[in-house]
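Below is one structure, written out as structure tokens, with a few remarks after it.
The values are calculated or read from the model by the stated rules, or taken from the named source; none is laboratory data. None of these values were measured; they are calculated from a predicted model. Please note: Cβ atoms are built from the backbone with ideal geometry, for glycine as well, and neighbour counts cover all protein chains shown.
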Amino acid sequence: MSFRKAKALLSAENLRFTVIVTALTVLAAITFFLNLFTGSADISIGEALHVLFGGGEGTTAASVLLKIRLPRTLAAMLLGGALALSGYLLQTFFHNPIAGPFVLGVSSGAKLTVALMMIFAISRFHTIHSATMILAAFAGSMLSLGFVLAISQRVGRMSMLVVCGVMIGYICSAVTDFVVTFADNADIVNLHNWSRGTFSGTTMDNIRTMLLVVVLASGGTFLLSKPISAYQLGESYAQNLGVNVRRLRAALILLSGLLSACVAAFAGPVSFVGIAVPHIIRRLFRTSKPMILIPACFLGGSVFCMLCDMIARTAFAPTELSISTVTALFGAPVVIAAMIQRRRDGE
């Protein structure tokens, strides 16, 4: 290939990257403000902007926007990005585009340990700290991943590994539903909504905690861009470039577990985002470069979850759908398409 052709291809790739990132950023901004301006409470755009710029203190509009809609929208943005990034890391680890925290049972494992911790804490101390919830979710996600990794040593086909992950998820969900169903405390019974996945009930204190965790984990993931790029070309190739493959694989698992744990701790299980969004982003950018895909997956996950949460809140208002219902509706077809494509390419 001549230098001129290579330069033209590079320019076309940069142009496509710029256009798609700009479009995603604009869509994220539009979706963010639509989430603030729409809902069952009738608040005009002018009134909402007045509150956001510091006015209307003590009014109903201020309470709805600042205590309900803003924290919920920020949660959808942060946790959606975290979930998509967690899925990207698992897909990189297993070299499989249909791996993800929901499919492999990671989210369900985190949900189980958080539910048990919440029941124990509420019944004894009547409160639970957000850091404790994240630690409990992280322990559950690591436990589920441990089972999946153990199975992966015995199962040759990735399709069977996914099936085993789904079965682990069903077992964890069944135990969670059983525990929550027979709980006596009224506060614990309210865990039913959380166990189906929701961004409602988020506070600004929760946002501060999840912001810290998500920023640190996402930053750590981005710093691994070059080792991940080498790892994608094969473990032997990565080792020849000086990459410590064992440490890299451990980092991928830990970072993915931390991101999915943060989501499970605050929003419960959110399905298909971790699989569908990375697949869509790869198709859009037509590249496997981690330095591009890592921030793009986070941005795409944010947009996807904010859109789905807006639909969940407003489609049948005042009745609210669980977030997993909407994400499954849009994410499942993407997963089916990915499985068909993998079948065509040969597993």
Query raised in the report: Got a number for residues in the range 217-246 being under 24 Å from residue 102 (Cα atoms) and of a type outside the set (S, T, N, Q)?
Result: 7
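How about the range 212-225: which of its residues are in contact (Cβ under 8 Å) with a residue 12 or more places away in the chain and either exposed (fewer than 13 other Cβ atoms within 10 Å of the Cβ) or touching a Cys at 6+ places or on another chain (Cβ under 7 Å) (or both)? If you could, list the steps in order and put the result at the bottom.
Of all residues in the range 212-225, those in contact (Cβ under 8 Å) with a residue 12 or more places away in the chain come to 213-214, 217-218, 220-222, 224-225.
Those that are in contact (Cβ under 8 Å) with a residue 12 or more places away in the chain and either exposed (fewer than 13 other Cβ atoms within 10 Å of the Cβ) or touching a Cys at 6+ places or on another chain (Cβ under 7 Å) (or both): 213, 214.
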Query raised in the report: What single numbered condition from (1) in contact (Cβ under 8 Å) with a residue 60 or more places away in the chain; (2) among the aliphatic types (A, V, I, L, M); (3) in contact with a Ser or Thr (Cβ under 7 Å, 6 or more places away or on another chain); (4) over 21 Å from residue 138 (Cβ atoms) fails to hold for residue 259?
Result: (4)
Query - Within the range 304-319, considering residues that are over 14 Å from residue 199 (Cα atoms) and out of contact with any Ser or Thr (no Cβ under 6 Å at 6 or more places or on another chain), the one surrounded by the fewest Cβ atoms within 10 Å (Cβ to Cβ) - result: 319
Query - Top-ranked residue of the range 1-39 - restricted to ones that are touching a Lys or Arg at 6+ places or on another chain (Cβ under 8 Å), of a type outside the set (A, V, I, L, M, F, W, C) and closer than 19 Å to residue 75 by Cα, ranked as modelled with the highest pLDDT - result: 35
Report summary line: Of the residues in the range 50-62, those that are free of Cβ contacts under 8 Å to residues at least 12 places away in the same chain and surrounded by 14 or more Cβ atoms within 10 Å (Cβ to Cβ) number 4
Report task. Output the number of residues of the range 83-134 satisfying the condition of being farther than 28 Å from residue 238 by Cα and either in a loop (DSSP other than H, G, I, E, B) or in contact (Cβ under 8 Å) with a residue 12 or more places away in the chain (or both). Result -> 26
